Every structure is written in C-alpha cells, then in structure tokens.
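Note sheet for the following structure.
The values are calculated or read from the model by the stated rules, or taken from the named source; none is laboratory data. Because the structure is a prediction, the values reported are computed rather than measured. A quick note on method: Cβ atoms are made from the backbone with ideal geometry, for glycine too, and the neighbour counts reach across all protein chains shown.
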Amino acid sequence: MKALRYVAVGQAPEVVDIPIPKPGPGQVLLKVTAAGVCHSDDYVMNLPEKDYLEQSYPLPLTLGHEGAGIVHELGEGVDSTLKVGDAVAVYGPWGCGRCHNCSMGMENYCTNAAAEGIRPPGLGSQGSMAEYMIVDNARHLVPLGDLDPVQNVSLTDAGLTPYHAIKRSLPKLGAGTFAVVIGTGGLGHVGIQILKALSGATVIALDVNDEKLKLATHVGADHVLISDASAADKIRELTGGLGANAVFDFVGANPTMALAQSVAALDSDVTVVGIGGGAMTIGFGTIAYDAAVRVPYWGSRSELIEVLDLARAGKINVEVQTYSLSDGPKAYEDLAANSIRGRAVIVP
Ligand code: NAD
Ligand code: ZN
Ligand code: ZN
C-alpha cells in the first residue's frame, strides 16, 4: 500500500510502498477514506533531530492524526459492536483506557500514556496517511454514520480541539460578550463556527493573511482584523474598552500571546491552543484581574461525538482542500506556505 511517511529528520515527507499491516489482538484495521493535515505535523517535522528522538518519535513515521475509514478487519478478540464495513472516525488522543481520565472518555489527559509509551496515530504511532491504518483499540473509533468522511475527518482534531477549548469557556460567553479568535486556519475557522453555534458572543477574528480573514468572514466572524501592533487598540474599541471575555489563540507565538494577554477582560479566559513556542509572564498588574490562562490539549471522546453531531445538524462545516496520497508532500508544502483555505485533506 502507499503511505506518506516522514523518513528522515529534516527531510520532506515521502510517498512509499509498504505492506498492508495485519491487525494484532484487539486491534482494528481500517481502509482509510480520509486523513487531515495539521500544523502540528509541521511542528514535529521541524523538530531538531535531538528533540525528535528524545520525544521517541519513530522513523519512519506514517503521518496523519486526523483519520476516517471503513472497518476492514477486526483483530483477534476485538470486543465491540463494530462490524466490517462500518464507517468510522478515529479518536486520536489514545490513552491507557483504565485511568480516571480515560474512564471519563478524556484519553487526551491520560495519566499513564507517557509512561506506557502510548502515542496517537501520526504522532508516535503509525498514522492515517496510508491506504490502511491500524487502530489499537475499537474504543478509539466513533461511528461516522452518513457524514461524508472527506468533509468531516478534520473534526477529529480541527473540530475537537477548538470545541474542547471553547466549551469550557461557555459560561463566560453569554449575550453581550466578546470572543477573540487569533489564527483563522484549520482550527480557527472551525472555532469561529463553534462559537457562533454555541455562544452569544460577538466574534472578532484575527489573522496575518487577508485570504484567511475572508474565510473568517465567510464562516461567520462578526469582525475581522489584521493581527498587528494596532490590533489590541481596535479590539478595545470594538469591546467598548472592556476587552474580550475569552481569547482563543490558535497560533501561540510570543506576539499573539502578548496580544491575548493585553485584550483579556476582567474575569476572562485566555486559552492558548497553538504551539508556536510563545510564553507569557503573568503577575499582578500584567493581566486583567481574575483572568484565567489555559493551555488545553485536544479533546475527549464524548466531545468528538458532540462535534460530529454539530456537523450533522449543519451548524459547522470544514472548508476542505483535497489532495491524493501521491500529492501528500504538496499538501505540506502548501501548509508551510500558508496557502491552504481551511483544512488540507488527503484522500487515498
Ligand atoms: P494553520 O496553519 O491551519 O492555521 C494557522 C493560522 O494562523 C494561519 O491562518 C496563519 O495565517 C495564522 N497566523 C500565523 N501567525 C499569526 C499571527 N501572528 N497572528 C494571527 N494569525 C496568525 O494551523 P492549524 O492546523 O489550525 O493549527 C493551529 C495551531 O494549533 C498550531 O500551532 C498547531 O500545532 C496547534 N494545535 C494544537 C492542538 C492542541 O491540542 N493544543 C491541536 C491541534 C493543533
Ligand atoms: Zn493536530
Ligand atoms: Zn489513561
């Protein structure tokens, strides 16, 4: 089968031919129908060799932590209602399945995963950018039903991650409030739609790229601003001087985190989702009183079911740019050039 793999540190990913894997006991083999391209893949592929190896990423690594497929074969002893032929989405943040957080479906916060070497597909385990993929346990699969896999595969991360981030701030986002979204790419453009569907907040979206701001308006942002030195004043003006009740930073670099900190209102939430290497210095007088700063990771299995339900209800829609598996390397070039509108999805 064909697979898109990161084969050597510092090199572009390559399309290679490898044998179709056999599902071991408890595993499920999927025939992949769609695989989403995330900026985090670019982060991993840009790690210096020492950091890449220290974090025990294998080489070669089949990319892809957003995956959808058809159940093709069940390994020995798989205890599930799943049947061969079922359409599923892959819940990516795999955990141990038995700790307190995993028991609540929050495998993204598994307390044993690191010690036991359990890694998400595409981010340590072999991922979805191949004709077939192994899923370690049937509980990582969520029925897709009649949702189109190509249109919806990215809800497993570009939908789930903003959903989890936003859901926790909903008590602060009633009518008359303001939410700021920084970075309106893959995650951000879905985040805007989730805010519009679930909250009463007026949404102010920021990006450095005009095309991305056009997309932000298209998906429902009430105001769009270029993310530059003047943005903080403009946000103050739009919010009547009070600032934003929640800021979601899908970039996470020093300038965006400084902006988020400076426009946070009293008792607001500042949520840093992007992993752009930034840091914040928080102390008395450096941020509005009672503002809370959060750094979430991905989301829970039940939140993925909720996100899929939002899509089924027609309330969110991922803007998708498709690529064949052979064109996979081009998808990463386009991501690095910041020229993707919404999410790139590979269709094997
Ligand atoms: P993307 O490339 O699709 O979107 C990033 C957007 O940010 C682009 O539109 C870009 O123009 C914009 N941008 C860049 N610099 C900016 C600035 N200074 N101000 C405003 N906008 C700016 O990326 P994505 O796949 O949506 O991922 C977004 C970030 O979230 C990445 O850092 C990714 O690694 C991270 N991520 C984190 C989690 C998590 O669980 N915490 C999960 C998935 C992705
Ligand atoms: Zn991701
Ligand atoms: Zn666990």
- request: Exactly one condition in (1) in contact with a Leu (Cβ under 9 Å, 6 or more places away or on another chain); (2) surrounded by 15 or more Cβ atoms within 10 Å (Cβ to Cβ) is not met by residue 60; state its number.
  value: (1)
- prompt: For segment 118-205, list the helices (runs of 4 or more DSSP H) that sit wholly inside it and hold at least 1 residues that are in contact with a Lys or Arg (Cβ under 6 Å, 6 or more places away or on another chain) and more than 14 Å from ligand 1 (Cβ to nearest atom); which are they?
  reply: 186-198
- request: Mind telling me which of the residues 43, 57, 91 ends up being in contact (Cβ under 8 Å) with a residue 24 or more places away in the chain and out of contact with any strand residue (DSSP E or B) (no Cβ under 9 Å at 6 or more places or on another chain)?
  value: 43
- prompt: In the set 263, 318, which member is in the same structural domain as residue 17 (by TED's automatic domain parsing) and surrounded by 22 or more Cβ atoms within 10 Å (Cβ to Cβ)?
  reply: 318
- prompt: Restricting attention to segment 101-117, and to residues there that are out of contact with any Pro (no Cβ under 7 Å at 6 or more places or on another chain) and not in a loop (DSSP other than H, G, I, E, B), which single residue is surrounded by the most Cβ atoms within 10 Å (Cβ to Cβ)?
  reply: 102
Segment 99-127 - residue that is closer than 26 Å to residue 35 by Cα and hydrophobic (A, V, I, L, M, F, W, C) and, of those, farthest from ligand 2 (Cβ to nearest atom): 102
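For (1) surrounded by fewer than 24 Cβ atoms within 10 Å (Cβ to Cβ); (2) among the charged types (D, E, K, R); (3) under 18 Å from the mean Cα position of the chain (by Cα), each residue gets a yes or a no:
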site: 135; (1), (2), (3): no, no, no
site: 157; (1), (2), (3): no, yes, yes
site: 161; (1), (2), (3): no, no, yes
site: 173; (1), (2), (3): yes, no, no
site: 177; (1), (2), (3): yes, no, no
site: 191; (1), (2), (3): no, no, yes
site: 203; (1), (2), (3): no, no, no
site: 208; (1), (2), (3): yes, no, no
site: 218; (1), (2), (3): yes, no, no
task: Take segment 158-189 and flag every residue that is over 22 Å from residue 266 (Cα atoms), β-branched (Val, Ile, Thr) and touching an Asp or Glu at 6+ places or on another chain (Cβ under 9 Å).
output: 184
statement: Taking segment 40-73 and keeping only residues that are of a type in the set (Gly, Ala, Ser) and farther than 19 Å from residue 323 by Cβ, one is left with 56
message: Quick check on segment 100-122: of everything there that is more than 16 Å from residue 161 (Cβ to Cβ) and among the small types (Gly, Ala, Ser), which residue is nearest to ligand 3 (Cβ to nearest atom)?
response: 113
query: residue 324: surrounded by fewer than 17 Cβ atoms within 10 Å (Cβ to Cβ), over 26 Å from residue 198 (Cα atoms), at pLDDT 95 or above and among the polar types (S, T, N, Q), yes or no?
result: yes
- line: Just one listed residue, out of 335, 308, is under 14 Å from residue 153 (Cβ atoms), at pLDDT 95 or above and surrounded by 16 or more Cβ atoms within 10 Å (Cβ to Cβ), and it is 308
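What do you reckon, is residue 97 among the small types (Gly, Ala, Ser), within 22 Å of residue 321 (Cβ to Cβ), in the same structural domain as residue 23 (by TED's automatic domain parsing) and within 16 Å of ligand 3 (Cβ to nearest atom)?
no
Can you go through 97, 92, 36, 105 and tell me which one is out of contact with any Gly (no Cβ under 7 Å at 6 or more places or on another chain) and over 23 Å from residue 117 (Cα atoms)?
Details: 97 fails: over 23 Å from residue 117 (Cα atoms); 92 fails: over 23 Å from residue 117 (Cα atoms); 105 fails: over 23 Å from residue 117 (Cα atoms).
Criteria check complete, one pass: 36.
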message: Take residue 82 and tell me if it is touching a strand residue (DSSP E or B) at 6+ places or on another chain (Cβ under 7 Å) and more than 16 Å from ligand 2 (Cβ to nearest atom).
response: yes
